[in-house]
Amino acid sequence: MDKKSYEPCATEMLSLAKANKVETVWDRYEQQLPQCGFGLLGVCCRLCWKGPCRVNPMGDGPDRGVCGADVHTIVARNLIRGIAAGTAAHSDHGRHIAKTLLEMSEGHAPDYVIKDQEKIHAIAARLNISPEGKAHNQILREIALATLEDFSRQDEKIPCTWLELTIPAARLAKLTALGVVPHNIDASIADIMARTHVGTDADPVNLLLAGLRGSLADYTGMYLATELSDALFGTPEPVVTSANLGVIKANCVNIAVNGHNPLLSEFICDMAAELNAEAIEAGADGGINVVGVCCTGNEVLMRRGIPLATNYLSQELPMLTGALDAIVVDVQCIMPSLGKLSECFHTKLITTMSSCKIPGATHIEFHTQTARESSREIIRLAIEAYNRRDYDKVNIPQHSNTVIGGFSAEAIVEALRKLDANDPLKPLLDNIVNGNIQGVALFAGCNTPKVPQDQAYLTIAKELAKRNVLLLATGCGAGAFAKAGMMTMEATEEFAGDSLKAVLRAIGEAAGLKGPLPLVLHMGSCVDNTRAVSLAVALANKIGVDLDQLPVVASAPECMSEKALSIGTWAVSLGFPTHLGVIPQVLGSSVVVDVLTEKAKDLTGGYFIVETDPQAAAQKIYTAIQDRRQLLGI
Ligand code: BF8
């Protein structure tokens, strides 16, 4: 691979890392090469101590593990265990938010307030909770308990509430007929772990169906996490900020927030404002500068316009600027390497959650009961670290791009309302029907050193924009576009096809932006992928079709995490063609590959498209959109 990253700051920092013999994720990836061929095919089984067993799918060597499991059983088991892990991660995040709501209602989380009352009422209405004659705390309590029931319900005939109430009736019926509707998020995870234990489920199709159920539990956990987070911290509205390492400021105490859960990062931002004077007193005349990394970065970008330093793969690089005083992490997608790296710099790595400790870090346990106090303590540690900054090591790339973010589904509908106050979805729908917008593509997922960072996102997006496809993005995909200046009006002018440009202009100007909407609409963090679904569901319900009839596709060009796997699987379960730009570890089983890329079409209407070449991927995604248009007769 001649280029490790398509991001100019990363390229600059990687030369610096090389010169200073600082190891990064790219170096460690190279040290792993060649990676294990059995692992890449998904045919290595480590589920019991009779193994590890590896089965050669080429027919050369044993065709079964010691217990007799064949390659299809092994691959399917490995795959759905990944889905279970992704679901556990997302839904644990959701549970944390729901439990905080419950604590608030009982007076045990006094620092939290509901910032979006309208949203809390909308959630109550959705959950059939009548506000009549009830105190505010009672409504919160009922919402929290109804939500937590999705983690505890024992009646298998009752679907998870946050799934049942958020998808079209036809989709629910289809999934019910398949037997893949979860009744309880935790039970779906436990079911996968139990059925993949030695000597239980050996039927690859039955295993994959359990994987679909697990993925729908993932969707449920994500949906409720986003909705409750919006109620707590505010539903995002368009906001202008910037992205890339140039957002780190030499004259500030720089604090990066990394991870996923806004329960902590929201308070870091609040306390940074409160303690700004202390930073100035310590000599940082610019005060405190909070910047984001990964999905926590997306959370605070969407709601507060906090600048984004970078996305997953380059999370080590902010420290290399020598001007990062603290990196505060919560859960998920935090490289353990940050611990060792922080020993080479003055940067304080601060872990905050009992489930995420990293050797080399300072741990300050964060409790929702004392959110303000813990956040204050963290900020003061960063100010202390600032005093130890070594100016000989400071090297901040002077590059950042403008970002217009904050496109929640509500914000998009609000912008459309300026075109049609009574029927805001109509202008969007009309433009899809008349072909001005050919379809919608949601970019989601991660980065991986297996491909040049951000390249596939940018290439596919430009190709699709040219062909008048409306682009949405979340997670580290959104980070890629933010850093590259693709979330701007200028990008729309430069890259959008004529008819897409005209629509984005009409909406943007009507919404008072004095120009078009940005080329790629930032919809939030990874957990916020459900925002895009809510928009698709609104469109589907409006014209009375199911999700698998819409010209809507998902793409994860640089995916790597188990969460990305579970999201991709629920996208397929909901009926969307879903592109993966990294080869999933399933190629060892022809049965599993066939189910995921072909048979799924008959089961759910969705299917995986695996294509590693970005140009070819753009073509396949566009073809999938055209297939849908043709079936709809538009
Ligand atoms: O949850 S996109 S690398 S940071 S897994 Fe992780 Fe992937 Fe980024 Fe956000 Ni999602």
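The values are calculated or read from the model by the stated rules, or taken from the named source; none is laboratory data. Note that the structure is a prediction, hence the values are computed from the model and not measured. Methodologically, a virtual Cβ is constructed for each residue, glycine included, from the backbone with ideal geometry; neighbour enumeration extends over all protein chains shown. Each accessible area value is taken on the protein alone, full model and side chains, heavy atoms only, with ligands, DNA and RNA left out. Shrake-Rupley method; radii C 1.70, N 1.55, O 1.52, S 1.80 Å.
Couple of notes before you dig in:
- Separation of alpha-carbon centers, the stretch 301-356 and the stretch 116-149, rounded to whole Å: 35
- The residue list Ala361, Tyr391, Gly405 was ranked by how far each Cα lies along the charge dipole of the stretch 359-408 toward its positive end, using unit charges on Cβ atoms, and Gly405 comes out on top.
- For the stretch 28-34, 3J(HN,Hα) computed residue by residue from phi via the Karplus equation (6.51, -1.76, 1.60; θ = phi - 60°) reads 5, 4, 4, 5, 7, 7, x Hz, glycine and proline entered as x.
- Selection from Val75, His96, Pro52, by position along the positive dipole direction of the stretch 1-108 (Cβ): Pro52
- About the Cα centre, charge dipole magnitude for the chain (Lys/Arg +1, Asp/Glu -1 at Cβ), debye: 760
- Cα-projected label distance for Asp420 with Val433, points at 7 Å along beta-carbon direction, nm: 0.8
- Full-extension gain in nm, Ala250 to Met193, via 0.36 nm per residue minus C-alpha separation: 15.7 nm
- Taking amide H atoms as placed 1.01 Å from N in the peptide plane, the amide H of Val331 lies under 5 Å from those of His260, Asn261, each 5 or more residues away in sequence or on another chain.
- Nitroxide proxy distance, nm - points 7 Å out along Cα→Cβ at Gln615 and Lys357: 5.2
- J(HN,Hα) series, the stretch 216-224, from Karplus relation 6.51 cos²θ - 1.76 cosθ + 1.60, nearest Hz, glycine and proline x: 6, 5, 4, 3, 4, x, 5, 4, 5
- Whole-number percent relative contact order across the stretch 441-528, with pairs defined as alpha carbons under 8 Å at least 6 apart: 35
- Carbon and sulfur %, accessible surface of the chain computed with the full protein complex present, 1.4 Å: 52
- As a length-normalised measure over Cα pairs under 8 Å and 6 or more apart, the relative contact order of the chain settles at 17 percent.
- Karplus-derived 3J(HN,Hα) values for the stretch 336-349, using 6.51 cos²θ - 1.76 cosθ + 1.60 with θ = phi - 60°, are x, 4, 4, x, 5, 4, 5, 6, 8, 10, 7, 4, 8, 8 Hz; glycine and proline are entered as x.
- Long-range amide H partners of His183 with built H, under 5 Å: Cys160
- Between Leu40 and Glu118, full extension at 0.36 nm per residue minus the direct alpha carbon distance yields a gain of 23.3 nm.
- Pairwise Cα inverse-distance average, inverted: Kirkwood Rh of the chain (Å): 24.9
- Farthest positive-ward along the stretch 487-587 dipole, Cα basis, beta-carbon charges - from Ile543, Leu565, Cys526: Ile543
- Each part reduced to its alpha carbon centroid, the stretch 483-525 and the stretch 244-287 end up 30 Å apart.
- Placing +1 on each Lys and Arg Cβ and -1 on each Asp and Glu Cβ, with no other charges, gives the stretch 1-96 a dipole about its Cα centre of roughly 360 debye.
- Residues whose amide H falls under 5 Å from that of Val291, counting only those 5 or more places apart or on a different chain, are Ile255, Ala256, Val257, with hydrogens built in the peptide plane.
- Using the Cβ-Cβ distance between Val545 and Glu23 with R0 = 45 Å, the FRET efficiency computed as 1/(1 + (r/R0)^6) comes to roughly 0.30.
- Spin-label pair Asp285/His399, simplified geometry with 7 Å Cα→Cβ offset, distance in nm: 2.9
- Here is the list for the stretch 98-136: GluC sites (Glu not before Pro) lying in DSSP coil, each with at most 15 other C-beta atoms within 10 angstrom of its C-beta, are Glu106, Glu132.
- By definition, a body whose alpha carbon gyration tensor gives a ≥ b ≥ c is prolate when a/c is 1.5 or more and a/b is larger than b/c, and the stretch 378-434 fits this prolate description.
- Prolate/oblate/rounded call for the stretch 2-118, Cα gyration tensor, a/c under 1.5 rounded: oblate
- Relative contact order of the stretch 304-432, taken over Cα pairs closer than 8 Å and 6 or more residues apart, is 21 percent.
- The gain in end-to-end length when the Cys344 to Glu164 segment is fully stretched comes to 59.8 nm, 0.36 nm per residue minus the alpha carbon separation.
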